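Colleague: The following block contains the structure, expressed as structure tokens.
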Amino acid sequence: MDAIDITARLVGVFYVFGGIVTLRALAMDSVLDQALASLTLSRPDPEEVLRRWILAATSVVTGVSGLSLVLLSGWAPWLFLLNLGLQAGWLIFAARRFPPTDEAEALGRRQVANAALIWAVATAMVLWLNFQERLAVLTDPWRGTALLLAALAMAVWVARQLVWNPGPRPAFGEEPDGMPLVRPRPTRVRLLRQYGFHALLDADTGHPVDTAEHVSEGLAERLAAWEDAFHDAVDPHDSLAGPAFSEAEALAHDLEGEAIVEALRGEFGADNVEGPVHEL
């Protein structure tokens, strides 16, 4: 291995990292949009969803292309050329389908175009490496298998994030379609700690429980405080990171959740209360 191989692999590492970072940013944007849509009983913008899926596919190819260069695989020229075509196609498509609406978006679009130019230079380097026979043969089994597994792992992960849906249960008392405005007292309840949801749900239907109607006043206040403390501690731009509690705050919140469950058992019966369930 000489300086040229080391340089090529460092470029590959850069693009692996770039692909992963972009995928994570797209996933976080999707989760935030879904959570906000759940709170407002609306649907995410279909144009934004389409844009996100296209960028996710391109980012997967970017990450796998970078990995192919790290491995000095014979697949690198083909993957780099494929991604170059995808980036050029995206810029042409986006100019027509998603024209910039302000200066910030225009600047972002120019940065994407500059990144595509840099990718073209990297592609030329990869083609030169292949011409110089510095890359492994295309049929090398272990390199091809590693690339396939990496592509599948990245694609499955980001697809799961993009299709995540918090469900029809709003966090702040709105009524989604199909949910009765007047709901009877539930037989079983579940205490849930999840961003974008009410804390107390009917365990059989998943609908939020009207605590003012079906829970004693003091316990309803404790429930509201427990729920608010959790939502206030979560960064809406990175809800998957969970609440930014200190160790002492996390312990206190967990203990209060357990205490609330015990109080709920006193009102609904020992076998009719689930939780507290902790989800992101």
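The values are calculated or read from the model by the stated rules, or taken from the named source; none is laboratory data. The structure presented is a predicted model; accordingly, all values stated were derived computationally and were not measured. Here Cβ is always computed from backbone atoms with ideal geometry, including for glycine, and neighbour counts include all displayed protein chains. Side chains are part of the model used for accessible areas, which takes the heavy atoms of the whole protein and leaves out ligands, DNA and RNA. Shrake-Rupley method; radii C 1.70, N 1.55, O 1.52, S 1.80 Å.
Colleague: I need a count of the residues in the range 137-150 that are within 20 Å of LEU23 (Cβ to Cβ) and buried (at least 17 other Cβ atoms within 10 Å of the Cβ).
Modeller: Adding up the residues that qualify gives 3.
Colleague: Further, regarding this structure: Is it the case that PRO100 is open to solvent by less than 70 Å² (accessible area, probe 1.4 Å), modelled with pLDDT under 90 and either closer than 27 Å to VAL126 by Cβ or not basic (Lys, Arg) (or both)?
Modeller: yes
Colleague: Can LEU201 be described as surrounded by 16 or more Cβ atoms within 10 Å (Cβ to Cβ), under 30 Å from ILE20 (Cβ atoms), modelled with pLDDT of 80 or more and not aromatic (Phe, Trp, Tyr)?
Modeller: Taking the combined requirement at face value, the residue does not satisfy it.
Colleague: Could you check PHE245 against (1) part of a loop (DSSP other than H, G, I, E, B); (2) without any contact (Cβ under 8 Å) to a residue 12 or more places away in the chain and say which number it fails?
Modeller: PHE245 satisfies every listed condition except (2).
Colleague: Here is a follow-up. Out of all the residues in the range 41-52, is one or more of a type in the set (Lys, Arg), surrounded by fewer than 17 Cβ atoms within 10 Å (Cβ to Cβ) and over 20 Å from ILE6 (Cβ atoms)?
Modeller: Checked against the condition, which is being of a type in the set (Lys, Arg), surrounded by fewer than 17 Cβ atoms within 10 Å (Cβ to Cβ) and over 20 Å from ILE6 (Cβ atoms), the range 41-52 yields at least one hit.
Colleague: Do the conditions hold for TRP90, that is, is it within 26 Å of the chain's Cα centre (by Cα) and in a helix (DSSP H, G or I)?
Modeller: yes
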